[in-house]
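The values are calculated or read from the model by the stated rules, or taken from the named source; none is laboratory data. Everything quoted here is computed from the prediction, not taken from an experiment. Virtual Cβ from ideal backbone geometry, glycine too; neighbours counted across all protein chains shown.
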Amino acid sequence: MKLEQFLADPSFENWAKRSNEADYLRWEAWRTENPAYATLMDEAKLMLTGIAFRKIEVPEQKKQEEWQALMQQLGLEGREATVRPLHRRRWWAGAAAAIMVLLAAGWWLFLRPVEPVWTTAATGFGQLRTLELPDGSAATLNANSELRYPETWKSGQTLRLELEGEAFFDVRHKKSGEAFIVSAAGVETEVLGTRFNVFARRNHPVVGLLEGSVRLTETQTGATALLEPGQSAQFDGEKNTFRIASDRATEQASWKNHRWLFDNTPLSEVLQRIEDEFGLPSRVGKESLLDRRVSGQVSTEKLAVLLQALEILLDVKIQEEGGVLKIEGR
């Protein structure tokens, strides 16, 4: 979450100024769950609350002295500061003009579109979280992920979400004119009612479709792709097109059930996934170990069980030392 996102959220401003107790308690809980954002929150709070300036009272004698000095410079010494009453007609003209300005401003405020209030859901390392979205759809966040979405939604509107990390979406059927769009690392996924997975880490988004249909759009080039159930797609920046693979969607979404499915997957990808979802970087004794491949499924509910399973499947020895995984061949 970025500084400008905190500043643009009215509920966060309520927390910063403690003007709404419900918002204050909600943000305090979020801060406790996400300590990494504490410094950023404090910075945003300082910007929102600002610095109170002390009003300096100037004595009347000092005012008169400054006025006489100014008049002397203008060659008008001896004159006192006076306030002339407005001519009645000018007063009414000014009042009428002020009323017109207020009416115009009120009409503009009434007609201008209301910016949505966004909310953020996040997970830490090793955590999964399922939540209901404003339109009744469901989203499950993988570990180390963040999803932003509007707090409210009306029938007939487009629901837009922003994802960092990975999430699985079960979208309720959409009526004509409605849309459900997930923006992740420069790729927009638009659906009409489906179940799909979006991976958005290291600016290499991958979308896997389990049911229904989705349309993908790369926002910079305008490249598009249509997916069928079972297919997954990743944008190729060199060719400015989507690369589509078959029979990978189920494998990519297996994390939702606390399972990882592998199909001839190299150890290098497995270790990157462990770092993404459990926050543990790795170091291998020999670079050649990264080419070892694994097939099958393993449980991810407990890290220790996952590592033991990988040791057996890859014929390696894995040890955690100081928050780093050390991998050696047997």
**Asked** Across the range 249-264, what is the number of residues that are surrounded by fewer than 18 Cβ atoms within 10 Å (Cβ to Cβ), part of a strand (DSSP E or B) and of a type outside the set (A, V, I, L, M)?
**Response** 3
**Item:** Residue list for the range 275-303, filter: out of contact with any Lys or Arg (no Cβ under 9 Å at 6 or more places or on another chain), closer than 24 Å to residue 253 by Cβ and in a helix (DSSP H, G or I)
**Value:** 275, 277, 278, 303
**Item:** The lone exception for residue 232 - which of (1) outside any helix (DSSP H, G or I); (2) more than 23 Å from residue 181 (Cβ to Cβ); (3) in contact with a strand residue (DSSP E or B) (Cβ under 7 Å, 6 or more places away or on another chain) it fails
**Value:** (2)
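Out of curiosity, is residue 311 acidic (Asp, Glu), outside the structural domain of residue 125 (by TED's automatic domain parsing) and part of a helix (DSSP H, G or I)? Write out each step before concluding.
Values: acidic (Asp, Glu): yes; outside the structural domain of residue 125 (by TED's automatic domain parsing): yes; part of a helix (DSSP H, G or I): yes.
Yes; evaluated as a whole, the condition is true for this residue.
Here's the yes/no breakdown for (1) over 34 Å from the mean Cα position of the chain (by Cα); (2) of a type in the set (D, E, K, R); (3) not assigned by TED's automatic domain parsing to the domain that holds residue 166:
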site	(1), (2), (3)
270	no, no, yes
276	no, yes, yes
288	yes, no, yes
294	no, no, yes
301	no, yes, yes
306	no, no, yes
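Report yes if residue 196 is touching a residue at least 40 places away in the same chain (Cβ under 8 Å), more than 13 Å from residue 250 (Cα to Cα) and among the aromatic types (Phe, Trp, Tyr), otherwise no.
Details: touching a residue at least 40 places away in the same chain (Cβ under 8 Å): yes; more than 13 Å from residue 250 (Cα to Cα): no; among the aromatic types (Phe, Trp, Tyr): yes.
No.
Listed here are the residues, each with its yes/no results for (1) over 28 Å from residue 274 (Cα atoms); (2) among the basic types (Lys, Arg); (3) surrounded by fewer than 21 Cβ atoms within 10 Å (Cβ to Cβ); (4) touching a Leu at 6+ places or on another chain (Cβ under 9 Å).
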{"position": "178", "(1), (2), (3), (4)": "yes, no, yes, yes"}
{"position": "189", "(1), (2), (3), (4)": "no, no, no, yes"}
{"position": "216", "(1), (2), (3), (4)": "no, no, no, yes"}
{"position": "223", "(1), (2), (3), (4)": "yes, no, yes, yes"}
{"position": "247", "(1), (2), (3), (4)": "no, no, yes, no"}
